[in-house]
Amino acid sequence: MPTPRQQLILRKVVEEYLDSGQPVGSKTLAADPDLGCAPSTVRNELAMLEEEGLLAHPHTSAGRVPTDAGYRYFVDHLLDKTGGKELVRRPRLELDLVRHEVDEAMRATTETLSQVTNLLAMVTAPPLETAEIRHIEVLTLQPQVLMVVIITSTGGVSKRIFTFDEPVDPGLVSWAAEYLNEELTGMGLGARMLLKRLQDPTLPPTERRFLDALTPAFTELADTAEDTLYVEGAARLITEHRLQDLEQINELMTTLERRVGLLSVLRQALAVRDIMVRIGGEHERPELRSFGLVASAYGLPARRLGTVSLMGPVRMDYGGAIGAVREAAHQLSRYIETVYDEA
């Protein structure tokens, strides 16, 4: 366990390295009035921190840089001791989520988070299967072309086009809209009864065949009800955080392309009580080991529905990221509660 003075020195190294991106030397630290130590004392403490694996000593420099373990110790034990200056210089996170549909709220959140932090922002939307059907429209676009529109309790809108070999009876279209709204409104997209109601054996043959043709609008929507991932700020991350290493950039692009793996990582935040922080080598997936990740769940009081997260280089402002993610998750949770309450 680092001594109080070693903890202070570690905090100073992390903060200085976050600001400058350059290894921090003993002379710089000794000049800090908060320490009040001679350069020889600082050098000794830096050596001790290096032995403990919290700092590293690049061979090209006399200064030290934090290791993944050093960042982890900073996040777990020192972050709350940074005082008010960090909060003063961080832009305020303001999300305007009032009366947006859910997908617009997700996009607004990722855009705002990325702009405020200059990091890669990601939000997973509530699984579609958690939503209920609020309203259904069956519209005639052309005599042989119909569109089925499904509006869910979360404000989501799904549209599916169907083309028939012959013109469709307008009376059949009108009947289908009325029947579907009567039978399916209020049902969850993942409900087992949904398919049974679409295959009602008591209906006349013509109506049954017509509903069979429209069934994919509902069953395929439920089958593909996976988490939707909204991402913003990849270009900003590369430019603002100087991802000059081609390997790092390739790893980032690969991660974003393979969203299934990324989603599996983000889902882990659903089981974490507050904020999940993963730093560099702590990631199980090799392609993420050049990055830091801060994530939090949001949702209803009794159920977590999705995650808000920020990803950046290991050398990033964890205090700012944690504060922004926590606030975004709080605001999204409040918004989601109003949406589901109105369902």
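The values are calculated or read from the model by the stated rules, or taken from the named source; none is laboratory data. In this text the structure is predicted, and so the values were computed from the model without any measurement. Here Cβ is always computed from backbone atoms with ideal geometry, including for glycine, and neighbour counts include all displayed protein chains.
Quick notes on this structure:
- Per-region count, region 3-24, residues surrounded by 14 or more Cβ atoms within 10 Å (Cβ to Cβ) and at pLDDT below 90: 1
- Put simply, of Gly320, Gly312 the only residue that is farther than 22 Å from Arg273 by Cβ and either buried (at least 22 other Cβ atoms within 10 Å of the Cβ) or at pLDDT 90 or above (or both) is Gly312.
- Of all residues in region 37-56, exactly one satisfies the criterion of being modelled with pLDDT of 90 or more, surrounded by 18 or more Cβ atoms within 10 Å (Cβ to Cβ) and part of a loop (DSSP other than H, G, I, E, B), namely Leu54.
- Some residue of region 119-133 being in a helix (DSSP H, G or I), at pLDDT below 90 and surrounded by 17 or more Cβ atoms within 10 Å (Cβ to Cβ): yes
The rows are residues; the columns are (1) under 30 Å from Ser26 (Cβ atoms); (2) modelled with pLDDT under 85.
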position	(1), (2)
Val65	yes, no
Gly70	yes, no
Asp76	yes, no
Gly84	yes, yes
Leu87	yes, yes
Asp103	no, yes
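- Which numbered condition Thr254 fails, given (1) at pLDDT 80 or above; (2) more than 24 Å from Arg334 (Cβ to Cβ); (3) assigned to a helix (DSSP H, G or I): (1)
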